[in-house]
Amino acid sequence: MNCPILLFAAGLGTRMGDLVKDRPKPLVQVGGKALIDHALALTNVPGVGQRVVNIHYQADKLKQHLKDRPITFSDETDSLRETGGGLRHALPLLGGSPVITMNTDAIWRGPNPISIILDAWTDNMEALLLIVPKEQVSGHLGKGDFTQDQQGGLHRGPGDIYTGLQIIRTETLANVKETAFSMNMIWDQMAARGGLFGLQYPGDWCDVGQPSSIPLAEALLDV
């Protein structure tokens, strides 16, 4: 399977405070390297096809930073569309289903998460979310997102944490009338049909959502 990937880079990053006054969040540095560069490095594995980055806040700076990379930009400078809307907006550039989507504000320590999720994908899945147990998480403020049944199906409730990486079939997106909508709406429909699955990441994961997370992320990188 050669799967296109959308990297979410359009958010305002307001929890980063002064760090995003002069740059978009994906250009915030961790260990001397921009978050977007950490994310893109993970895409250099077999099975990843077209790379698309969506942009909104301080979009020109992100485009300049990535100008020499083989990347297509999904322009959301007119209006933020949230995760679900952002994916649907990018579909003409991605050119297929299923697709990988990945947040760009995380640091990983362990095996390549994209390789792991590609290897685990099967045709009976509508979406496969990479999740991680709380004890392998740093920098995250939430109580957990999903529990998992014995068949690998995901259900809402405090438990494992969603890492921001998934493979998802995109056909359900066409049924949403709103322009801006969360991926949660799509996941709930898939879960009701028994098509939402999870895979546990065996390494460590840091959510770089606020300035206090940066030293925690750098600890994973041994910086």
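The values are calculated or read from the model by the stated rules, or taken from the named source; none is laboratory data. Just so it is clear, the model here is predicted, and its values are computed rather than measured. Reconstructed Cβ throughout: ideal geometry from the backbone, glycine too, with neighbour counts over all protein chains shown. We work out accessible area using only protein heavy atoms, side chains counted, and drop any ligands, DNA or RNA first. Shrake-Rupley method; radii C 1.70, N 1.55, O 1.52, S 1.80 Å.
Between N2 and S97, with labels modelled 7 Å along Cα→Cβ, what's the label distance in nm to one decimal, could you check?
It is 2.1 nm.
Counting only C-alpha contacts under 8 Å and six or more residues apart, can you give the relative contact order of segment 139-188 as a whole percent?
Answer for segment 139-188 is 25 percent.
Among residues other than W187 whose Cβ falls under 10 Å from its Cβ, what is the net charge (Lys/Arg +1, Asp/Glu -1)?
-2
Which part of segment 87-123 falls in the paramagnetic zone of D75, meaning amide N under 19 Å from the point 7 Å along Cα-to-beta-carbon?
Taking a point 7 Å out along Cα→Cβ of D75, the residues of segment 87-123 whose backbone N falls under 19 Å are 87-95.
Keeping all protein chains in place and using 1.4 angstrom, which order do H38, H89 fall into by accessible surface area, from largest down?
H89, H38
What figure, in Å² to the nearest 10, do you get for the accessible area of V53 with a 1.4 Å probe and non-protein molecules left out?
Accessible area, nearest 10 Å²: 0 Å².
What part of the accessible area of segment 82-223, given as a whole %, is carbon or sulfur when the probe is 1.4 angstrom?
52
Give the separation of the Cα centroids, segment 133-166 to segment 1-52, in Å.
What the calculation gives is 21 Å, centre to centre.
Given the -39500 (n - 2.57) contribution per DSSP H run of 4+ residues, what per-residue ellipticity at 222 nm results for the chain, rounded to the nearest 500 deg cm²/dmol?
Calculated at 222 nm, the ellipticity per residue is -7000 deg cm²/dmol.
Which FRET efficiency, nearest 0.05, do Q200 and R156 yield, Cβ-Cβ r, R0 22 Å?
Working from the Cβ atoms, E equals 0.80.
Between segment 188-215 and segment 75-130, what is the C-alpha centre distance in whole Å?
Centre-to-centre distance over Cα atoms comes out at 12 Å.
How high is the FRET efficiency from R109 to D188, r the C-beta distance, R0 30 Å, rounded to 0.05?
So the FRET efficiency works out to roughly 0.45.
Do any trypsin sites (Lys or Arg not before Pro) in segment 83-192 lie in a DSSP loop with no more than 14 other beta carbon atoms within 10 Å, and if so, which?
K143, K177
If ligands, DNA and RNA are left out, what is the accessible area of R81 with a 1.4 Å probe, given in Å² to the nearest 10?
30
Taking every pair of alpha-carbon atoms in segment 78-223, give the share separated by more than 27 Å as a whole percent.
Above the 27 Å cut-off, segment 78-223 has 22 percent of its Cα pairs.
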